[in-house]
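Here the structure comes first, spelled out in structure tokens, and everything after it is commentary.
Coordinate-derived values only; no laboratory data. Just so it is clear, the model here is predicted, and its values are computed rather than measured. Here the Cβ positions follow ideal geometry from the backbone for every residue, glycine too, while neighbour counts run over all protein chains shown.
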Amino acid sequence: MTPETRRRLTVGGAVTVIVASCTWIYFTQVKAVKYHVGLHQRVGEVMAEQTAALIGKKGRVVTIAIDTREWPELKTQLMAYRQTLKKLGNYQVREYEMDAKDQPKYGLGSGLSGRRYVRTVKKNENADLFVSFVGAPKLTDEEAAELTRKPRLIAETRSPDNLPKLFENQLLQVAIVSRFQFPAPGGIKPRNTEDWFAKRYQIVTSEMVSKLPAAQ
């Protein structure tokens with residue numbers, strides 16, 4: 001090996017190490033903090049509180065989410081949900097992680113299809129409640145007819161568009177919806193996580209869904 005070849009290999013190796021280090025720093029340090037941690041902790045807490053309100057101090061719960069490696073805010077929500085649920089009662093929790101397969105439709109509050117939801121329900125017929133962190137399912141009439149019983153569901157969702165039909169058919173009990181109704185309650189400048197939650201999200205039930213504007 002000539003000195004020139006050795007030098008090029010050394011330089012190339014150094015560049016590779018630098019690129020790898022920068023990538024690691026970006027994904028572990030920079031990207032990880034580009035979201036409001038307290039807000040997403042509160043989302044998880046609210047979903048746990050709504051769980052307890054629906055089924056009492058004990059029951060069988062199935063959560064539906066996706067891989068959190070590219071969604072640190074989802075990881076925060078799930079951790080807060082688990083921790084809060086432990087404080088509220090005695091629950092058996094089964095966690096389902098949907099395979100997103102690099103499809104952009106999957107994300108925080110979106111992506112759950114009617115087919116996948118029906119399949120998950122059928123695999124967990126004894127569950128007292130399903131909790132989706134990846135949206136409310138868009139069920140066709142045929143898919144809804146496959147449900148031998150009406151499962152109870154809490155869903156975090158970005159869009160309210162398919163909520164009225166789910167509420168009307170008693171296939172959804174509570175939705176945590178990205179806020180489309182303004183002005184948000186409380187002060188202009190949030191002072192704590194509850195203020196931030198009220199500014200960014202709404203808790204929607206069947207009585208309230210008709211008042212929601214369509215998502216833009």
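Some points to look at:
- 11 Å beta-carbon shell around residue 166, net charge (K/R +1, D/E -1): +1
- Gain in span if fully extended, residue 162 to residue 125, counting 0.36 nm per residue against the direct Cα distance: 10.9 nm
- Per-residue HN-Hα couplings for the stretch 124-132 [Karplus 6.51, -1.76, 1.60; θ = phi - 60°; Hz; x = Gly/Pro]: 9, 4, 8, 5, 7, 7, 10, 10, 9
- Around residue 50: net Lys/Arg minus Asp/Glu count, Cβ-Cβ under 11 Å: -2
- Gyration tensor verdict on the stretch 36-211 (Cα atoms; rounded if a/c is under 1.5, prolate if a/b is larger than b/c, oblate otherwise): rounded
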